[in-house]
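As structure tokens, the structure follows; a few thoughts come after it.
Any read-out appearing in this document is the output of simple, stated calculations on the displayed coordinates, not a laboratory observation. Since the structure is predicted, the reported quantities are computational estimates derived from the model, not experimental observations. For neighbour counting, all protein chains shown are included, and Cβ atoms are generated from backbone atoms with ideal geometry for every residue, glycine included.
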Amino acid sequence: MDNGVNETNNQTIPGVKVAMPDAKPVDASTADAGAALSNAVRINEQPAATAASQPVLQTAAPSVAPVSEPILQPIGTPVATAAPVVASSAPVASVQPVVQATPAVVSAPTETVQPVVENVPVEDTKNKKEKKPKNKLAILLFLVVLLLVGAVCGLWFYHQQQMSLMRFKCTPVSTSGETKELDLDSTIVKDLYGKISTNIREDVGSVELNDQLKLYLAFRQIANSDLYDSNCNKFSGTSMEPFTCEKTATFVPKAFKEDVLTVEVKKLFGEDTNIEHQNVQLGNTCIGGYQYIKERGEYVQGQCGSTGATLYRVEKELVSATSTESTIVLTEKVKYYGTEALDLPTRLVSGTYKHTFRLDMNYNYIYVSKELAS
């Protein structure tokens, strides 16, 4: 009977020999079957290997499929599963090449990454090259502004140092804001008063501090070294009466450049003072006597036939000199006298006059004003 069953089974399942319950396994042990099944499961549970190497799975799949299909259809039980154990030995051996192929798949993209990384700095380099000129221009402008600020600060600091030095050395200047009495015999007082004081003949010509008197006072500051011998070319005898110009053996006219007078005007009355060039003469008197000739750019001396005499007289006295910070005020007491035959002109007024000087940015005391105080 046993033989009949085996024959029937052999006919139904060709090439498979079913062992009886009391018989020993012929093809594989129970332990081997479990190991084979676990290997078969691990082969199916490796998605990395199947995804990385498709050709290996395609060769392993056909060896398993024809064996498993006839076993499951007629028997339907897991008892007779010895056949797949023997057939599954081939795919187990094929797992190793799949694992060995994994580093090759990983190493391939690492080689192709380099060109992509190298392309990124190329665009950045172009942008940097376009930005470099703008950056250089910005740096240059910043340096120029920095130099200008440094120059301004340096000039301001130098000016403050000079002012401090002048306050320290120049006695008349008061730095406390209080009024300080100055010595009338001091050099600064004598110098300033000598520039603006006038005699009776000059007062008769022009006593008011107008452009004519300012030009004359500035003319008085010209040094003899700036005068030179000249001629009477283009001198007008009618525009400056009673002055005339005729070069003779006894008279050689002097002259000076117009720029010389301009400098003295600015030194005495300030840099902002602009006085139009005109003849240096006080009224119609013989005071002054230099004619401005524009074509020559010179002031040429004229000759007055008779200076005449005046019957007026004046008494002037400098009574005080005070300093308040950068301002100096000279107080002068003036008294005019006439005669029984001639009355004083109305423009000659006796009283106390204040002459104000101020220190300018060029460290010159400029003549600011002349006022009748009382």
Check: What is the spin-label model distance, in nm, from residue 199 to residue 162 if the labels are put 7 Å beyond Cα along the C-beta direction?
Finding: 3.8
Next item on the list: Could you calculate the contour length gain from residue 361 to residue 221, that is, 0.36 nm times the residue separation minus the distance between their Cα atoms, to one decimal place in nm?
Entry: 48.4 nm
Notebook entry, point to check: Expressed in nm to one decimal, what extension gain is obtained for the pair residue 347 and residue 306 from 0.36 nm per residue of sequence separation less their Cα-Cα distance?
Noted result: 12.3 nm
Notebook entry, point to check: Using a basic spin-label model with each label point 7 Å from the Cα along Cα→Cβ, how many nm lie between residue 296 and residue 316?
Noted result: 3.1
Note to self: Given R₀ = 30 Å, what would the calculated FRET efficiency be for residue 354 paired with residue 236, taking r from the Cβ atoms and rounding to 0.05?
What the structure shows: 0.15
Check: What nm distance separates the two modelled labels at residue 275 and residue 136, each placed 7 Å from Cα along Cα→Cβ?
Finding: 5.7
Item checked: the range 179-372: relative contact order in percent, alpha carbon pairs under 8 Å with at least 6 residues between -> 21
Check: Once the piece of chain linking residue 148 and residue 183 is laid out straight, how much longer is it, given 0.36 nm per residue of separation minus the C-alpha distance between them?
Finding: 8.2 nm
Next item on the list: Please find the FRET efficiency linking residue 372 to residue 246, where r is the Cβ-Cβ separation and R0 is fixed at 56 Å, and quote it to the nearest 0.05.
Entry: 0.85
